[in-house]
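Here's the structure we're looking at; comments come further down.
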Amino acid sequence: MNISTTQFIVNPGGKLHGTLRMPGDKSISHRAIMLGALAEGTTQVKGFLEGEDTLATLAAFRAMGVSIDRPTHGQVTIPGVGLHGLQVPSKPLYLGNSGTSMRLLSGLMAGQAFSVEMGGDASLSRRPMRRVTEPLTLMGARIETTEQGTPPLKIHGGQRLQGINYTMPIASAQLKSCLFLAGLYAEGTTCVTEPAPTRDHTERMLAGFGYTVKREGQRICLQRGGKLQAMSIDVPADISSAAFFMVGASIAQGSDILLKHVGINPTRTGVINILRQMGADIRLHNQRDVGGEPVADIRVCASPLHGIKIPQEQVPLAIDEFPVIFIAAACAEGKTVLTGAQELRVKESDRIQVMADGLQAVGIEAEPTPEGMVIQGGQMHGGIINSHGDHRIAMAFTIAALRAKETITIRDCANVATSFPNFVDLAQVAGIDINLKSQV
Ligand code: S3P
């Protein structure tokens, strides 16, 4: 068998400059396909992320009878089939690397009249699914997993779901969204209480489609019986992708970049809050509302950073940005301490271990703990990094090269296409000396 790997070879130094538009927000793009498919009428989406993860969601709905064409230049037309119009797919749904597709679809599929199987790649096949299957079972769903509670999942259709009042043991937007999608089909009311605020794109988008969602403090509820009315969606650029360039511009002397049309939903801006506390120079311009989501142009200029103790309440608000925040910490003066982030161990890779290994490989003192990391800022030399097929690890170490002394080679980078298909091009345009090497 041929094993195809993609490496990034990133030469040291450089600075970031210019005006850049990041690809569309991954979380919002997934939800646009899901809710658009369930709506009555035709939903038009622009700014859609044409990454492997969101295309996996799109393909799943096409397999269930929604005639969505492949997007062109971020534009997608979704002819909605209504809440009860999905059809049984002819084979198992393959969701690649995408945890969001699998966890959100689990809730939606639990409410259908037909059964489905869902699987994914090696990384997704290791990820914990009991966090969704347990509460869905309480609602009356019948779902089979492996003995370890991992995919593939077999969801038996035709079950009568009951609304529940569920307090989430973890701050997870995927779990919350999964339960709301099941709640669209469950008798009575489905309420979810969050231990801490998590991204609220599902609630905002449901409201945009005309579905009533009520929030009282940390408790959010919806009732069966509503309808989704098709709408137009303008997906903002993904702050999680912008984060790489925010850190890059902060750490590379002489940098000055403007990132256009970035989503700044307060449940996603932990990276801005954390970097500012470390001394970053980040300014928001032209703040506006785009279809219920706040958006801004973000200007970042280089600035000396210092280590901090990262506030716990920022953790869920920056959950996907820690790989690159760790790079900021490696370039900061003094020590940075992260706690309360055990969720990082069950992302696309174990991001605590994989980042600690990578930082040590380039000469930084990084001590992993069960739920975080302690990083002592210092000088990075070059080295070889294994990204373990995790897109955000690969991109984080690309940014690190801006401050390294020698070349950084990053292995197993093909999955960057899951969230940021034009990363290499944009990184080159912005001023990073990155070359792609494919080996067969
Ligand atoms: C996401 C929620 C987060 C995040 C993931 C996308 C979403 O996961 O890490 O990349 O779109 O709801 P958790 O809900 O597991 O924290």
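The values are calculated or read from the model by the stated rules, or taken from the named source; none is laboratory data. Being a predicted model, the structure only gives us computed values, none of them experimental. Ideal geometry is used to build each Cβ from the backbone, glycine not excepted, and the neighbour counts take in all protein chains shown. When the accessible area is computed, the model is the full protein with side chains, heavy atoms only, and any ligands, DNA or RNA have been set aside. Shrake-Rupley method; radii C 1.70, N 1.55, O 1.52, S 1.80 Å.
Per-structure values
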{"read-out": "Positive-pole candidate from 22, 434, 54, dipole of the chain, charges at beta carbon", "value": "54"}
{"read-out": "Net charge over other residues, Cβ less than 14 angstrom from the Cβ of residue 303 (K, R count +1; D, E count -1)", "value": "+2"}
{"read-out": "Estimated dipole of the stretch 26-234 in Debye, rounded to 20 [Cβ of Lys and Arg +1, of Asp and Glu -1, Cα centre]", "value": "220 debye"}
{"read-out": "Nearest-ten-degree value, helix 52-63 long axis tilted from longest Cα axis of the chain", "value": "20 degrees"}
{"read-out": "Environment charge at residue 30 (Cβ cut-off 13 Å; Lys +1, Arg +1, Asp -1, Glu -1)", "value": "-1"}
{"read-out": "Solvent accessible area, Å² - residue 156, 1.4 Å probe, full protein context", "value": "30 Å²"}
{"read-out": "Length added when fully stretched, residue 339-residue 425, from 0.36 nm per residue minus Cα-Cα", "value": "27.5 nm"}
{"read-out": "Portion, in percent, of the accessible area of the stretch 152-294 that falls on carbon or sulfur, probe 1.4 Å", "value": "47 percent"}
{"read-out": "Whole-percent carbon and sulfur share, accessible surface of the stretch 20-136, 1.4 Å", "value": "48 percent"}
{"read-out": "10 Å-binned pair-distance histogram of the stretch 70-227 (Cα, whole percent)", "value": "11, 40, 37, 12, 0"}
{"read-out": "Radius of gyration, Dmax [the stretch 171-328; alpha carbons; angstrom]", "value": "17.6, 59"}
{"read-out": "Spin-label model distance (nm) - residue 156 vs residue 435, 7 Å beyond Cα toward Cβ", "value": "5.8 nm"}
{"read-out": "Selection from 67, 261, 119, by position along the positive dipole direction of the chain (Cβ)", "value": "67"}
{"read-out": "Separation in nanometres of the label points that stand 7 Å from Cα toward Cβ, at residue 214 and residue 306", "value": "4.8 nm"}
{"read-out": "5 angstrom amide H check on residue 199, placed H, neighbours 5+ away", "value": "173"}
{"read-out": "For the chain: accessible area per residue (Å², 1.4 Å)", "value": "37 Å²"}
{"read-out": "Acute angle (nearest 10 degrees) that the helix 173-183 long axis makes with the longest principal axis of the chain, alpha-carbon atoms", "value": "10 degrees"}
{"read-out": "Cα Rg, Dmax, the stretch 1-160, angstrom units", "value": "17.9, 59"}
{"read-out": "Proximal lysine pairs, the stretch 26-234, alpha carbons under 27 Å, eight or more residues apart or interchain", "value": "13"}
{"read-out": "Accessible carbon and sulfur surface of the stretch 364-440 relative to its total accessible area, %, 1.4 Å", "value": "48 percent"}
{"read-out": "Under Karplus coefficients 6.51, -1.76 and 1.60, residue-wise ³J(HN,Hα) of the stretch 351-358 in Hz, glycine/proline x", "value": "5, 6, 5, 5, 5, 4, 4, x"}
{"read-out": "Along principal axes, Cα extents of the chain, largest first, whole Å", "value": "60, 49, 39"}
{"read-out": "Options 210, 195, 150, ranked by Cα towards positive dipole end of the stretch 26-234, top entry (Cβ charges)", "value": "195"}
{"read-out": "MRE, 222 nm, helices only [DSSP H, n ≥ 4, -39500 (n - 2.57), over the chain, to nearest 500]", "value": "-8500 deg cm²/dmol"}
